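Only one structure is covered here, and it is reproduced in the block below.
Values quoted throughout were computed directly from the atomic coordinates according to the rules given, and no laboratory measurement underlies them. Quantities reported herein were computed from a predicted structural model and do not represent experimental measurements. Every residue, glycine among them, receives a Cβ derived from its backbone with ideal geometry; neighbour counts consider all protein chains shown.
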């Protein structure tokens with residue numbers, strides 16, 4: 001019989017992008033994904049052009065929240081396992097704490113911004129401000145908790 005896994009890490013991962021980080025009070029909503037390429041889990045989403053729609057395109061004053069991972073997404077030829085496809089109903093956290101991937105080295109308590117490429121960073125220059133702060137310090141590409149503040 002083939003071995004499925006032969007190496008193991010010494011530590012269990014603390015979370016994954018799009019995972020709600022804790023049991024604190026939070027607020028969640030759903031919207032229809034308009035982005036043709038889909039939207040990954042743990043990504044910032046913004047108000048779309050259609051009623052009830054969201055897009056990954058960062059725009060000032062239209063932040064809707066961070067996509068929540070859905071572990072029972074069907075895996076098809078047109079869909080990755082870790083994203084919402086176009087026209088899916090995406091679960092979105094617009095208040096609370098959620099795991100995201102840091103787009104650069106970030107510090108605890110720093111304000112969060114979204115780059116034109118969708119990375120969540122703490123650099124204001126040329127980026128869109130979102131009502132959130134980092135709830136930890138992390139290196140670029142590492143998981144970090146993001147505290148989304150209801151606006």
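Kindly state, to the nearest 0.05, the FRET efficiency for residue 6 paired with residue 105, given R0 = 35 Å and r defined as their beta-carbon distance.
It comes to 0.60.
Would you calculate the separation in nanometres between label points at residue 59 and residue 137, each defined as 7 Å from the Cα along the Cα-to-beta-carbon direction?
My value for the distance between the label points is 3.8 nm.
In whole angstrom, how far apart do the alpha carbon centroids of region 87-143 and region 25-65 sit?
So the separation of the two Cα centres works out to 14 Å.
State, to one decimal in nm, how far the label point of residue 126 lies from the label point of residue 89, with both points 7 Å from Cα in the Cβ direction.
So the label points at residue 126 and residue 89 sit 4.0 nm apart.
Fewest Cβ neighbours within 10 Å first, please rank 29, 143 accordingly.
Sorted ascending by nearby Cβ count, the order is 29, 143.
Got a sec? How would 33, 54 order by Cβ neighbour count within 10 Å, fewest to most?
Fewest to most other Cβ atoms nearby, the residues stand as 33, 54.
Looking at the chain, what % of its DSSP beta bridges pair antiparallel, to the nearest 5?
The antiparallel fraction comes to roughly 90 percent.
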